[in-house]
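Have a look at the structure below, then the notes.
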Amino acid sequence: MTSKRWWIALVVLAMIAAACGGTTSGEGGDTDTTGAEPAATTEATEAPTESTPETTGGETDAGGDFKAAFVYVAPIGDLGWTWAHDQGRIALEEELGIETAFIENVPEGPDAERVIRDFAQKGYNVVFTTSFGYMDPTINVASEFPDTQFVHISGFKTAANASNVFGAMEEARYLSGMVAGAATESNVLGFVAAFPIPEVIRGINAFTLGARSVNPDATVKVVWTNTWFGPPQEKEAAEALLAAGADVIAQHQDTTEPQKAAADAGKFSIGYDSDMRSFVGDSVLTSPVWDWAPKYISIVEELQAGTYQGDESWYGSMADGVVDIAELSPLVDAETKELVEMKRQEIIDGSFQPFCGPVLGANGAEIVAEGKCLTLGELLSMDYFVEGVEGEAPNEAPTGLGS
Amino acid sequence: MDLVTSILSIAVFAGTSLVFATVGEIIAERAGILNLGLEGMMIMGAVTAFATAYATDNAYLGVLVAMIVGGLMALIHAIATISLRADQVVAGLALTIGGTGLASFLGQELGPGGGPLVGLIGPKFVEVPIPGMSSIPVIGEILFNKDQLVYAMYLIVPLVWWFLYKTRPGLHLRAVGENPQATDALGVNVFRLRYLYTVIGGMFAGLGGAHLSLAYTPGWTENLTGGRGWIAIALVIFATWNPARAVVGALLFGGVNAIQFRLQAEGTTISANLLNMTPYLLTVIVLVAVTYFEAFRKKVGAPAALGIPYNREERV
């Protein structure tokens, strides 16, 4: 009996070892493929050599042996934030032919650190961590793996081998606000928002400024859902806003539920992350969208060439192509279309920025005076609402910002 | 529509999936089987309901398949816990974890041509106002301007209550969860009844999932249930194993989000976190009362043999 159990345990162990060796090339195989294994990990950072056929198996044929890993906070099927990042990952595979891997639904916190460390141990050359809450875990793991590059999205911390990448979504939000402001009849716009953090607040404020630039009577009601990804809650929040008189629903969430709720009520909406019109229909007037592919490709190309600045802090703009708005719905009138396109060109050529004075706060304070614009640091720490927003922000609007 | 009416109207709509899942769990727990796989059965019900409805263009078929899938998953739980006497907590957790993963996987595969289901728009249940009754002021909007599954709930809850408390098989069901040894001595087949009611509980959970993907948030996105299965488990305790009280609890649990969103939209500032906490706080209070006060436990009839595998050979 006992000896039988030993055999079973041995067989199971062998199977586990075989599985690790087959699917990854970093860890796990140490015992059965001694010698070859360390070569595989160091090789990745140096010049590619044609050794160790056994350990790397058929996994790394395509683009040399460069491997990129992605950590996602939601499923790629969310049609939103994570979907947009996954389009960038697919572009890496298709255009550069490198191997990629991803893990979905990774909670922000200790789990994230384990997942990131696991990727680094398995010899991935670059690990993209695509949610704000992955910031500290990313920095922690980066210090343990100096030969691996980490790219964190939407944070503010960097290390020698951990860069921080984000984009000026407020530019696209401003344009989508113009569309919403022109479309509303009740002059009440609804905004389904996830968490009161600067990224979201910046978007709400830019949206409001854009709406009021074409319709000074428009106000924006905000409902916090306290979740990035919660189909029922997002729907309920949108319905609450519709019941409160909003006739255009914008959102900063991860699914299309607010859009569907607006469509069901016969109202318009503004999507986010991906072109939600293609999923919900023409009632989605436009969507501020992310396009991560160009940046991800350039990061990997620079890493392969050894020219990437490992601690860069990159805040891409509409001119860089990382943010834009999706094609406007046919339901948007021609005059608005023209106006939005004009403003879009001004943003791209740098002659217009959403947060240039005069900007008033929800409390009436003059946040930015005429002739001044918010600095990047001030943009990234925004925790107050501008005039026209109705809702609860962490702080009152300050005065005298900008330079 | 004034604020109160619209909140109650949403609470009924949002609470329906919770009522189905809770009533199903009450049936299983009354028979002595704790099934923590509720979330897994619900989400499997949701994904298979939508996939079937989309493929056949028939929402009713979707409901049927969801109930079968829920029942089959519960059958796994029944085999593990009743025949093999596995730990009910662990088996249930495994069912939830496995079900959630399998549902995500099926969501990628069951769409047209083996593609993903995400983003598809399929058949759904829409409001069918009941002639006459739907025009009663206030009540008509809250109760009688809903979809078919909500109306089904109005029938099912009293039926289950009547069955549990007023019929002989209902008495046997409760007895099996209260004192299986004594029930066995009466000549009632404990194993067969426990199997039956665990599977029926799973079918209700599947039905709850179907209401989510075919009526409440039509369509499929991963994590569609968003923890509603767990809420239902808390609700069973909150309702003290009584289907009638489950309805009240489901309205409260289902409505609380709607309430806090409405209040936010109206510009009232009560902490959303505080409001969201209320139902769980009440559940803890009920749980403490049930465990601590013997008299209260007897009065509400918490099943005494809940979670304990029945073994004929064992002395008690």
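Against the conditions (1) over 18 Å from B:Gly70 (Cα atoms); (2) open to solvent by 30 Å² or more (accessible area, probe 1.4 Å); (3) assigned to a helix (DSSP H, G or I), B:Gly170 satisfies every one except (2).
Between A:Gly210, A:Gly230, A:Gly203, the distinction of being within 7 Å of another protein chain (Cβ to nearest Cβ) and within 28 Å of A:Leu380 (Cβ to Cβ) belongs to A:Gly230 only.
Selection of the range A:215-227 for residues being facing chain B (nearest Cβ under 7 Å) and not in a loop (DSSP other than H, G, I, E, B) yields A:Lys221, A:Val223, A:Trp224.
In the range A:376-391, of all residues being assigned to a loop (DSSP other than H, G, I, E, B) and open to solvent by less than 50 Å² (accessible area, probe 1.4 Å), the one that is farthest from the other protein chains (Cβ to nearest Cβ) corresponds to A:Met382. Restricting the range A:233-249 to residues that are open to solvent by less than 10 Å² (accessible area, probe 1.4 Å), in a helix (DSSP H, G or I) and more than 7 Å from chain B (Cβ to nearest Cβ) leaves a set whose member that is farthest from A:Ala211 (Cα to Cα) is A:Glu234. In the set (1) modelled with pLDDT of 80 or more; (2) away from chain A (no Cβ under 14 Å); (3) in contact with a helix residue (DSSP H, G or I) (Cβ under 7 Å, 6 or more places away or on another chain), the condition left unmet by B:Gly229 is number (2).
With respect to the conditions (1) within 14 Å of another protein chain (Cβ to nearest Cβ); (2) touching a strand residue (DSSP E or B) at 6+ places or on another chain (Cβ under 7 Å); (3) at pLDDT 95 or above, A:Asp282 falls short on a single one, namely (2). Looking only at residues that are part of a helix (DSSP H, G or I) and in contact with a Leu (Cβ under 7 Å, 6 or more places away or on another chain) in the range A:263-300, which one is farthest from A:Leu241 (Cα to Cα)? This residue is A:Val300. Scanning the range A:277-309 for residues that are in contact (Cβ under 8 Å) with a residue 24 or more places away in the chain, more than 30 Å from B:Gly122 (Cα to Cα) and not small (Gly, Ala, Ser) yields A:Trp292, A:Pro294, A:Lys295, A:Tyr296, A:Ile297, A:Ile299, A:Val300, A:Glu301, A:Leu303, A:Gln304, A:Tyr308, A:Gln309. Answer yes or no: is there a residue in the range B:288-301 that is in contact (Cβ under 8 Å) with a residue 60 or more places away in the chain and surrounded by 14 or more Cβ atoms within 10 Å (Cβ to Cβ). Yes: one or more hits. Looking at A:Ala172, A:Ala182, just one residue is surrounded by fewer than 23 Cβ atoms within 10 Å (Cβ to Cβ) and either hydrophobic (A, V, I, L, M, F, W, C) or in a helix (DSSP H, G or I) (or both), and that residue is A:Ala182. A single member of A:Gly155, A:Gly133, A:Gly109 is within 30 Å of A:Ser351 (Cα to Cα), modelled with pLDDT under 95 and surrounded by fewer than 24 Cβ atoms within 10 Å (Cβ to Cβ), and it is A:Gly155. Would you be able to say whether some residue in the range B:187-198 is among the small types (Gly, Ala, Ser) and surrounded by 15 or more Cβ atoms within 10 Å (Cβ to Cβ)? No, because not a single residue in the range B:187-198 is among the small types (Gly, Ala, Ser) and surrounded by 15 or more Cβ atoms within 10 Å (Cβ to Cβ). Pairs are defined by a Cβ separation below 6 Å, a sequence spacing of at least 6 or placement on different chains, a first member in the range B:253-281 that is open to solvent by less than 60 Å² (accessible area, probe 1.4 Å), and a second member that is part of a helix (DSSP H, G or I) and among the aromatic types (Phe, Trp, Tyr); the pairs so defined are B:Pro279/B:Phe253.
Is it the case, given these coordinates, that B:Ala94 is farther than 22 Å from B:Thr217 by Cβ and open to solvent by less than 10 Å² (accessible area, probe 1.4 Å)? No. In the range B:277-288, the count of residues that are part of a helix (DSSP H, G or I) and within 14 Å of chain A (Cβ to nearest Cβ) is one or more. Of the residues making up the range A:98-106, one or more are modelled with pLDDT of 95 or more, more than 14 Å from every other protein chain (Cβ to nearest Cβ), outside any helix (DSSP H, G or I) and within 24 Å of B:Glu222 (Cα to Cα). Close Cβ contacts (under 6 Å, 6 or more residues apart or on different chains) running from residues in the range B:87-116 that are under 16 Å from B:Leu75 (Cβ atoms) to residues that are assigned to a loop (DSSP other than H, G, I, E, B) comprise B:Gln88/B:Leu34; B:Gln88/B:Gly307; B:Gly92/B:Asn35; B:Gly92/B:Leu36; B:Gly92/B:Gly37; B:Leu95/B:Gly37; B:Thr96/B:Gly37. Looking at B:Phe13, B:Phe105, B:Phe50, just one residue is within 14 Å of chain A (Cβ to nearest Cβ) and open to solvent by 60 Å² or more (accessible area, probe 1.4 Å), and that residue is B:Phe105. So which of B:Gly202, B:Gly226 is surrounded by 24 or more Cβ atoms within 10 Å (Cβ to Cβ), out of contact with any strand residue (DSSP E or B) (no Cβ under 8 Å at 6 or more places or on another chain) and not aromatic (Phe, Trp, Tyr)? B:Gly202 is the lone residue from the list that is surrounded by 24 or more Cβ atoms within 10 Å (Cβ to Cβ), out of contact with any strand residue (DSSP E or B) (no Cβ under 8 Å at 6 or more places or on another chain) and not aromatic (Phe, Trp, Tyr).
Looking at the structure I just gave you, is A:Asn187 at positive phi, surrounded by fewer than 21 Cβ atoms within 10 Å (Cβ to Cβ) and more than 14 Å from every other protein chain (Cβ to nearest Cβ)? It is true that A:Asn187 is at positive phi, surrounded by fewer than 21 Cβ atoms within 10 Å (Cβ to Cβ) and more than 14 Å from every other protein chain (Cβ to nearest Cβ). Just the residues that are open to solvent by less than 20 Å² (accessible area, probe 1.4 Å), assigned to a loop (DSSP other than H, G, I, E, B) and touching a residue at least 60 places away in the same chain (Cβ under 8 Å), please, taken from the range A:315-365. The answer is A:Met318, A:Val322, A:Val332, A:Pro354, A:Phe355. Among the numbered conditions (1) in contact with a Ser or Thr (Cβ under 9 Å, 6 or more places away or on another chain); (2) within 14 Å of chain B (Cβ to nearest Cβ); (3) open to solvent by 60 Å² or more (accessible area, probe 1.4 Å), the only one that A:Gly80 does not meet is (3). Residue-level check: of (1) touching a residue at least 12 places away in the same chain (Cβ under 8 Å); (2) surrounded by fewer than 22 Cβ atoms within 10 Å (Cβ to Cβ); (3) touching a helix residue (DSSP H, G or I) at 6+ places or on another chain (Cβ under 9 Å), B:Ala175 misses just (2).
The values are calculated or read from the model by the stated rules, or taken from the named source; none is laboratory data. Nothing here was measured: the structure is a model prediction, and the numbers come from that model. When we count neighbours, we look across all protein chains shown, and the Cβ atoms used for this are built from the backbone with ideal geometry, even at glycine. To get the accessible areas, we keep the full protein, side chains included, count just its heavy atoms, and leave off ligands, DNA and RNA. Shrake-Rupley method; radii C 1.70, N 1.55, O 1.52, S 1.80 Å.
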